[in-house]
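Reading through the structure tokens given below for one structure.
The values are calculated or read from the model by the stated rules, or taken from the named source; none is laboratory data. The shown structure was predicted, so the numbers you read here are calculated from the model rather than taken from an experiment. FYI the Cβ positions are ideal-geometry reconstructions off the backbone, even for glycines, and counts take in every protein chain you see. Side chains included, ligands, DNA and RNA excluded: accessible areas come from the protein's heavy atoms. Shrake-Rupley method; radii C 1.70, N 1.55, O 1.52, S 1.80 Å.
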Amino acid sequence: AEVSGLVTFARTRRANEALKEARARGDYRRLYLGLSPAPLPALPARVETEIGIDPRDPRRRLVNGGRDPKRAASRIAVRVETPHVALLELRPETGRTHQLRVHAAHVGAPLLGDVVYGGARRVTLPNGAVLRAPRVMLHCARLELPRVGGEGTVVVTAPPPEDFRKLFERLGGDVSALEQPCG
């Protein structure tokens, strides 16, 4: 898989409707962690564009263009930045295909391994070492959604997998930054 982490599946019609309603109300929240090459330009706290289907390749998405464009909004923040890598927090407000990948690239922070949207597959360090991103370095670390038919909220977290952790560490990141609470 290109992206790691948590995924929700509704197993009943009632759960599916509840998820749709939670998304519409903004009660279905997700936090992703991403790795981008550093240094980064100044990033806006919020990105809002339209995202459409690339007419030349229906697997790709385009910002402010393409077929059937739909509003998309994301929040992007730098959790930590080293000379070679930035650990991003990405929070989608809408749910468009490839939304976080497209928005990160659009603001100048393409994700490592995301060659479809301009991300580098390899990073060369000053000492000549070449590090490879085996996939898109994007991980869903936290889901928050209301309980179906009950009071309260379900919160689920998942630490990044080994390939994400290793690449971050080899690029000079302190893995304790990956273990900070995702709130």
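Might you report the magnitude of the Cβ-based charge dipole of the stretch 1-85 about its Cα centre, with Lys and Arg at +1 and Asp and Glu at -1, to the nearest 20 debye?
Numbers: 18 positive and 10 negative charges, 79 e Å.
Here the size comes out at about 380 debye.
Where the only charges are on Cβ atoms (+1 Lys, Arg; -1 Asp, Glu), what is the dipole of the stretch 69-182 about its Cα centre, to the nearest 20 debye?
Result for the stretch 69-182 is approximately 460 debye, rounded to the nearest 20.
From largest accessible area down, sort ASP174, ASP27; use a 1.4 Å probe on the protein chains. Don't skip to the answer; put the middle values down first.
Numbers: ASP174 95, ASP27 55 Å².
Largest accessible area first, the residues go ASP174, ASP27.
With Rg and Dmax of the Cα atoms in Å defined as stated, name the option among (1) 22.2, 80; (2) 20.2, 67; (3) 16.9, 57 computed from the structure displayed.
Looking at Rg and Dmax of the Cα atoms in Å for this model, the match is (3).
Round to the nearest 10 and report in Å² the accessible area of THR12, as given by a 1.4 Å probe over the protein chains' heavy atoms.
In the full protein context, THR12 sits at about 80 Å².
Could you report the chain's accessible area per residue, 1.4 Å probe, as an integer in Å²? Please list the in-between numbers first.
Working: 9820 Å² over 183 residues.
Counting only protein heavy atoms, the per-residue value for the chain is 54 Å².
Please state the charge dipole magnitude for the stretch 5-55, taken about the Cα centre, from unit charges on C-beta atoms (+1 on K and R, -1 on D and E), reported in debye and rounded to the nearest 20.
On the way: 9 positive and 6 negative charges, 80 e Å.
Result for the stretch 5-55 is approximately 380 debye, rounded to the nearest 20.
Multiply the residue gap between GLU48 and ARG25 by 0.36 nm, knock off their C-alpha separation, and tell me the result in nm, one decimal place.
Working: separation 23, 0.36 × 23 = 8.28 nm, distance 1.78 nm.
Here the answer is 6.5 nm.
Once Rh for the stretch 118-183 is found with the Kirkwood sum over Cα pairs, what is the Stokes-Einstein diffusion coefficient at 25 °C and 0.890 mPa s, in µm²/s?
Details: Rh = 14.2 Å.
Value of D from the Cα-based Kirkwood radius: 172 µm²/s.
Roughly how many percent of the accessible protein surface of the chain is carbon and sulfur, given a 1.4 Å probe and a whole-percent answer?
Numbers: 4900 of 9820 Å².
That share works out to 50 percent.
For GLU151 and ARG122, what is the calculated FRET efficiency with R₀ set at 35 Å and r taken between the beta-carbons, to the nearest 0.05? The partial results should precede the final answer.
Numbers: r = 49 Å, r/R0 = 1.40.
It comes to 0.10.
To the nearest Å, what is the center-to-center distance of the stretch 155-170 and the stretch 90-136, using C-alpha atoms only?
Here the two parts' Cα centres lie 15 Å apart.
Quick check: with the 1.4 Å probe, what order do HIS139, HIS84 take by accessible area, largest first? Can you show the working numbers first?
Values: HIS139 5, HIS84 55 Å².
My answer, sorted largest first, is HIS84, HIS139.
Of the listed peptides 163-169, 109-115, what is their order by residue-averaged count of other C-beta atoms within 10 Å, with the highest listed first?
On the way: 163-169: 19.0, 109-115: 23.6.
Result, highest mean first: 109-115, 163-169.
Which parts of the stretch 102-143 would a label at THR8 reach, counting a residue when its backbone N lies under 14 Å from a point 7 Å out along Cα-to-Cβ?
141-143
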